[in-house]
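Every number here is computed from the coordinates shown, using simple stated rules; none is lab data. Note that the coordinates shown come from a computational prediction; the quantities given were computed from them, not determined experimentally. Methodologically, a virtual Cβ is constructed for each residue, glycine included, from the backbone with ideal geometry; neighbour enumeration extends over all protein chains shown.
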Amino acid sequence: KRREEFVEGSSSLWREDCRAKGGSPGFKVAILGAAGGIGQPLALLMKMNPLVSVLHLYDVVSTPGVTADISHMDTGAVVRGFLGQNQLEDALTGMDLVIIPAGVPRKPGMTRDDLFNINAGIVKTLSEGIAKCCPKAIVNLISNPVNSTVPIAAEVFKKAGTYDPKRLLGVTMLDVVRANTFVAEVLGLDPREVNVPVVGGHAGVTILPLLSQVKPACSFTQEETEYLTSRIQNGGTEVVEAKAGAGSATLSMAYAAVKFADACLRGLRGDAGVTELPFFASRVRLGRSGVEEIYPLGPLNEYERVGLEKAKKELAGSIDKGVSFNEMKT
Ligand code: NAD
Ligand code: LMR
């Protein structure tokens with residue numbers, strides 16, 4: 001019904017009012033680092049997600065512009081921007097899901113671990129905000145090195161007494177997305193029909209594709225296995241080198257982050273023991289409380305067993321590094 005008086009921004013106000021009266025379903029999602037290379041396309045895609053009713057865009061730069069731009073999209077989510085540390089708490093209060101792509105990306109010649117010194121502090125501060133303002137939110141952590149930033153966030157939450165391992169998730173979905181694409185190329189299939197489990201962590205040998213468990217069932221020669229394992233493990237570096245100093249994967253990452261966030265939101269809506277390490281990327285079933293079931297690794301062949309041992313060894317070091325970072329600072 002047409003309003004008697006036009007009010008700028010009234011479409012957002014009307015949608016908020018509807019929700020307050022229980023008229024519109026949806027979740028509240030914050031993106032921290034929303035003005036960055038990943039943040040911007042991620043914000044765009046989350047604004048298109050029908051499960052999102054409120055979208056908070058937080059960064060230390062440029063959020064007014066990004067927010068104004070995205071807010072003109074005629075989709076359901078109400079968008080609000082937050083700029084700088086003193087608006088972090090407002091950005092986080094009441095959120096159901098917090099996605100974190102804040103931090104610096106690699107340049108050619110760097111490892112993800114080379115980002116530790118800068119990104120560890122950023123992730124720690126943002127995690128403290130989450131512990132204070134939305135301790136029940138599901139957290140999707142993208143900032144690298146993921147193998148160490150997830151343990152950093154876990155230590156912050158433990159210290160605050162809010163840690164729930166079901167709700168803290170490092171995002172390694174890009175490895176799965178890449179694996180599906182590269183395996184589909186070798187098999188001559190549509191990548192949408194291919195499902196490759198990738199477990200472990202998110203750097204080099206800790207990225208462990210389980211090629212013996214690809215669906216649809218198939219087999220690979222030793223040469224194909226080695227080519228695919230190496231391409232999947234080095235997919236990030238392939239993009240860093242192609243971008244030649246202008247950053248790392250942003251567009252495919254935003255796509256992967258949305259795939260993962262959407263699965264988390266569907267879990268929250270109610271749809272639908274792997275290793276001794278405290279942090280290990282696995283296939284999971286997501287539900288109302290976050291991770292409801294961790295699927296076992298399944299049978300591994302000899303090549304994968306050797307890869308698993310290498311992955312666990314390196315991952316254990318990165319986890320220790322993340323845990324000790326918090327001990328050093330407190
Ligand atoms: P970018 O530099 O383009 O954007 C990062 C954004 O973070 C910037 O807008 C910056 O202002 C913001 N930022 C910095 N400090 C902040 C703080 N304290 N609070 C809030 N925001 C802050 O980088 P990018 O390409 O978007 O990559 C971001 C991170 O994601 C990097 O660490 C990168 O290595 C990582 N990454 C992870 C994956 C993965 O698979 N998990 C894939 C690609 C990139
Ligand atoms: C990726 O896998 O693309 C990211 O982790 C970014 C990087 O530094 O490789």
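Is it the case that segment 254-268 has a residue that's of a type in the set (Asp, Glu), in a helix (DSSP H, G or I) and closer than 26 Å to residue 186 by Cα? If you could, list the steps in order and put the result at the bottom.
We begin by selecting, within segment 254-268, every residue of a type in the set (Asp, Glu); these are 262.
Now drop any that are not in a helix (DSSP H, G or I), which leaves 262.
Subsequent filtering for residues that are closer than 26 Å to residue 186 by Cα retains none.
No, that holds for no residue.
When every residue of segment 236-254 is checked against the conditions, at least one turns out to be within 16 Å of ligand 2 (Cβ to nearest atom), small (Gly, Ala, Ser) and closer than 30 Å to residue 288 by Cα.
Would it be correct to say that residue 166 is more than 13 Å from ligand 2 (Cβ to nearest atom), of a type in the set (Lys, Arg) and not in a helix (DSSP H, G or I)? In short, yes.
For the structure I just gave you, tell me whether residue 79 is crowded, with 22+ Cβ neighbours inside 10 Å and over 26 Å from residue 118 (Cβ atoms). Walk me through it before giving the result.
Working: crowded, with 22+ Cβ neighbours inside 10 Å: yes; over 26 Å from residue 118 (Cβ atoms): yes.
Yes: the conditions hold for residue 79.
For segment 76-115, filtered to residues that are touching a helix residue (DSSP H, G or I) at 6+ places or on another chain (Cβ under 8 Å) and of a type in the set (S, T, N, Q), the residue that is nearest to residue 206 (Cα to Cα) is 111. Of the set (1) within 21 Å of the chain's Cα centre (by Cα); (2) more than 9 Å from ligand 1 (Cβ to nearest atom); (3) over 14 Å from residue 39 (Cβ atoms), all apply to residue 67 but (3).
Filter segment 132-150 down to the residues that are among the hydrophobic types (A, V, I, L, M, F, W, C), in a helix (DSSP H, G or I) and surrounded by 21 or more Cβ atoms within 10 Å (Cβ to Cβ), then identify the one that is nearest to ligand 1 (Cβ to nearest atom). Lay out the reasoning, then the answer.
Pass one, segment 132-150, residues among the hydrophobic types (A, V, I, L, M, F, W, C): 133-134, 137-139, 141-142, 146, 150.
Then drop every residue that is not in a helix (DSSP H, G or I), which leaves 133, 146, 150.
Within this subset, residues satisfying the condition of being surrounded by 21 or more Cβ atoms within 10 Å (Cβ to Cβ) are 146, 150.
Details: 146: 5, 150: 10 Å.
Taking the candidates together, the pick is 146.
Can you name the residue in segment 220-234 that is crowded, with 20+ Cβ neighbours inside 10 Å and within 14 Å of ligand 2 (Cβ to nearest atom) and, of all such residues, is farthest from residue 195 (Cα to Cα)? Only one residue tops the list, namely 233.
Inside segment 82-117, residues that are surrounded by 17 or more Cβ atoms within 10 Å (Cβ to Cβ), closer than 22 Å to residue 145 by Cα and not hydrophobic (A, V, I, L, M, F, W, C) make up a count of 6. One residue is enough: does segment 90-98 have a residue meeting the conditions in contact with a Lys or Arg (Cβ under 9 Å, 6 or more places away or on another chain) and under 24 Å from residue 248 (Cβ atoms)? Yes, because at least one residue in segment 90-98 is in contact with a Lys or Arg (Cβ under 9 Å, 6 or more places away or on another chain) and under 24 Å from residue 248 (Cβ atoms).
Of all residues assigned to segment 185-201, none qualifies as being assigned to a helix (DSSP H, G or I) and touching a Lys or Arg at 6+ places or on another chain (Cβ under 8 Å).
Please work out if residue 153 is surrounded by 21 or more Cβ atoms within 10 Å (Cβ to Cβ) and of a type in the set (Gly, Ala, Ser). It would help to see each step written out before you state the result.
Numbers: surrounded by 21 or more Cβ atoms within 10 Å (Cβ to Cβ): yes; of a type in the set (Gly, Ala, Ser): yes.
Yes; evaluated as a whole, the condition is true for this residue.
Criterion applied to 205, 177 was being part of a helix (DSSP H, G or I) and within 15 Å of ligand 1 (Cβ to nearest atom), and the one residue passing it is 177.
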